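S.K.: Handing you this structure, nothing more for now.
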Amino acid sequence: MQDTFLNAYPRLQQSPADTNVAGLWLAHGDEPLLSQWFLDALRTRWQQQNYAVTRVELVSVKTWQEVLSELGSLSLFDDASAVIVTGNHKPDKAVLAELERFAQEAQAGGNSNSLLWLTAKLDKRSQTAKWFLPFAQMGHVIDCNLYQEQQRQQILQVRAQQFGLQLSNDAWQLLMSHTEHHLLSAYQTLWRLSYLFTPTLVEKGSISLGIDDLQAALVSNAQFSVFDLSDAMLAGNAQQVTKIINQLRVTDEPTPLVLWAISKDMRLVAQLLEGQDPQAIGIWRNKQSLYQSACGRQSRDDVAQWSDLLFRCDQAIKGVIRQPAWELLLQAALLLAGTRLFAAS
C-alpha cells in the first residue's frame with residue numbers, strides 16, 4: 001500500500017494503541033523532518049506493544065543479512081522486534097525473497113515483527129524495481145516529500161493541532177514568511193508558542209492565535225519589527241520608514257517577511273480604495289484610521305503600479321534579477337507612505 005505523509009501520519013497518530021504495525025514499512029523523501037516524525041509515530045506504537053527496537057545502518061548489500069538476523073531474533077523480555085534501517089543499498093535477490101516471506105507471514109498474522117526502511121526520495125524508475133514491490137504490495141510505502149507549498153502549511157497545521165494551537169490565516173502567512181517557508185524553523189516557532197500558551201490550554205483545550213500572539217514568539221535581533229514598519233508606512237512617515245528599513249537590513253531581518261508586511265498593507269489599502277468595508281477585510285478598529293489616512297495619499301493609478309513593484313521585489317529576493325532586494329523594498333515602503341523615489345514611467 002502506498003500513501004502520503006499527510007494521510008498516513010495523522011492516521012497513525014490517532015489509531016488505537018494496539019494497531020497492527022507488523023510487516024514492511026518504507027518511508028522515502030528529501031524532507032528528513034517528515035521521515036523523523038513518521039518514525040516517532042511508529043516508535044510510539046512499538047513501545048505501546050512492547051517491541052524491542054534496533055537500528056541498522058546499511059553500509060553494503062551484505063548488511064541486509066544483519067537486518068534479517070534482527071528480525072528473526074527472539075527475546076525473553078519483548079513481544080516482538082522492530083528494526084529501523086537507514087541507507088540506500090538495495091536488497092539482492094536472496095534477501096528480497098526473505099523479505100517477501102517475512103511480509104507474507106506478517107500479513108497472515110504469523111509474524112509480529114516490524115521493519116521500517118528510511119531512504120532518500122525514490123524516483124518513478126525506482127518505484128518499478130523488483131526490490132520495491134514487496135513494500136508496495138505487501139507492506140506500507142509512505143511518501144515523505146513536499147510537492148506543493150500548500151502541503152507544508154497543511155503538515156504544520158497537523159502539528160499545531162497536536163500542540164493545541166489554532167492560527168488565524170494572517171498568522172499562518174506571517175509564520176511562513178518569517179521562517180522563509182523552512183519546515184523546521186516554522187515547527188520550532190510553533191513549539192515555542194505551545195510553551196508560551198500552555199497554561200491557558202489546561203482549561204480551554206485549544207487556543208486561537210493571531211498575529212500579535214505570533215509576534216511574541218518570533219526571534220528577532222532588530223531594534224524595530226515589521227509591525228513598526230507597517231505603522232510608519234501607514235502614517236506616511238517617510239523618514240521613519242527609511243530608518244526602520246535600514247535597521248532591518250543591518251540586523252538581517254528575513255526579506256520575505258519584510259515583503260509580506262509591505263504587500264499585506266498595500267493589499268488592504270487597495271481594497272479600501274475599491275470601497276470594501278475595513279472590518280470585513282480584517283482591519284482592526286484601532287488601525288482603521290491609519291489605513292484611511294494611507295488611502296488619502298494614494299490614487300487608483302498609483303495602486304495599479306504596486307503589483308509590478310511587488311513582483312520585482314519577489315524576484316530580487318529569489319535572485320532572479322540583480323537589483324538589490326532591500327533597494328526595491330525601500331522603494332515599495334516609501335510608495336505606501338506617499339513618497340515616490342522615481343518619477344512614474
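S.K.: What list of ³J(HN,Hα) couplings, whole Hz, do you get for the range 102-118 from phi and the Karplus terms 6.51, -1.76, 1.60, once you set θ to phi - 60° and write x for glycine and proline?
M.R.: 4, 5, 5, 5, 5, 5, 7, x, x, 8, 9, 6, 9, 10, 10, 9, 9
S.K.: Another question about this same structure. Note the angle between two axes, namely the Cα long axis of helix 5-14 and the longest principal axis of the Cα atoms of the chain, as a number of degrees from 0 to 90, rounded to the nearest 10.
M.R.: Orientation of helix 5-14: about 70 degrees from the principal axis.
S.K.: Continuing with this model, one more query. Hey, can you rank 33-46, 124-137 by average C-beta count inside 10 Å, highest first?
M.R.: 33-46, 124-137
S.K.: Between the helical axis of 306-317 and the dominant principal axis of the chain, each derived from Cα atoms, what acute angle in degrees is found, rounded to the nearest 10?
M.R.: 50
S.K.: Just from its helices, what would the mean residue ellipticity at 222 nm be for the chain, if runs of 4 or more DSSP H residues each count -39500 (n - 2.57) and the sum is divided by every residue, rounded to the nearest 500 deg cm²/dmol?
M.R.: Computed ellipticity for the chain at 222 nm equals -17500 deg cm²/dmol.
S.K.: Here is a further query. In degrees from 0 to 90, rounded to the nearest 10, what is the angle of the helix 238-250 Cα long axis to the longest principal axis of the chain?
M.R.: Once rounded, the angle reads 30 degrees.
S.K.: Would you indicate which of (i) 130; (ii) 185; (iii) 161 is the value of volume of the Cα convex hull per residue in Å³ derived from the coordinates of this structure?
M.R.: (ii)
S.K.: Want the number for ARG11 to LEU196: 0.36 nm per residue separation, take away the alpha-carbon distance, what's left?
M.R.: 63.8 nm
S.K.: Using 0.36 nm per residue of separation minus the Cα-Cα distance, give me the extension gain between THR63 and GLU180 in nm, one decimal. Write out the running numbers ahead of the final one.
M.R.: Details: separation 117, 0.36 × 117 = 42.12 nm, distance 3.94 nm.
Full-extension gain reported as 38.2 nm.
S.K.: Which whole-number percentage describes the relative contact order of the chain, with Cα contacts under 8 Å and a sequence gap of 6 or more?
M.R.: Here the relative contact order equals 16 percent.
S.K.: Here's a follow-up. How large is ³J(HN,Hα), in whole Hz, for each residue of the range 271-284 in order, when computed from phi with the Karplus curve 6.51 cos²θ - 1.76 cosθ + 1.60 and θ = phi - 60°, using x for Gly and Pro?
M.R.: So the J values, rounded to whole Hz, are 5, 5, 5, 7, x, 6, 6, x, 5, 5, 9, x, 8, 5.
S.K.: Then there's this: Amide H neighbours of ALA52 under 5 Å, at least 5 residues apart or on other chains, H built in the peptide plane: list them.
M.R.: For ALA52, whose amide H was placed from the backbone, the distant partners under 5 Å are ASP79, ALA80, SER81, ALA82.
S.K.: A follow-up question, please. Under a 5 Å amide H to amide H cut-off, with H placed in plane at 1.01 Å, what residues pair with LEU26 once short-range neighbours are removed?
M.R.: Result for LEU26 returns TRP117, HIS140, VAL141, ILE142.
Read-outs: derived from the displayed coordinates by stated rules, not from any lab. The model shown is predicted, which means the values in this text are computed figures rather than measured ones. We place every Cβ from the backbone using ideal geometry, glycine too, and count neighbours over all the protein chains shown.
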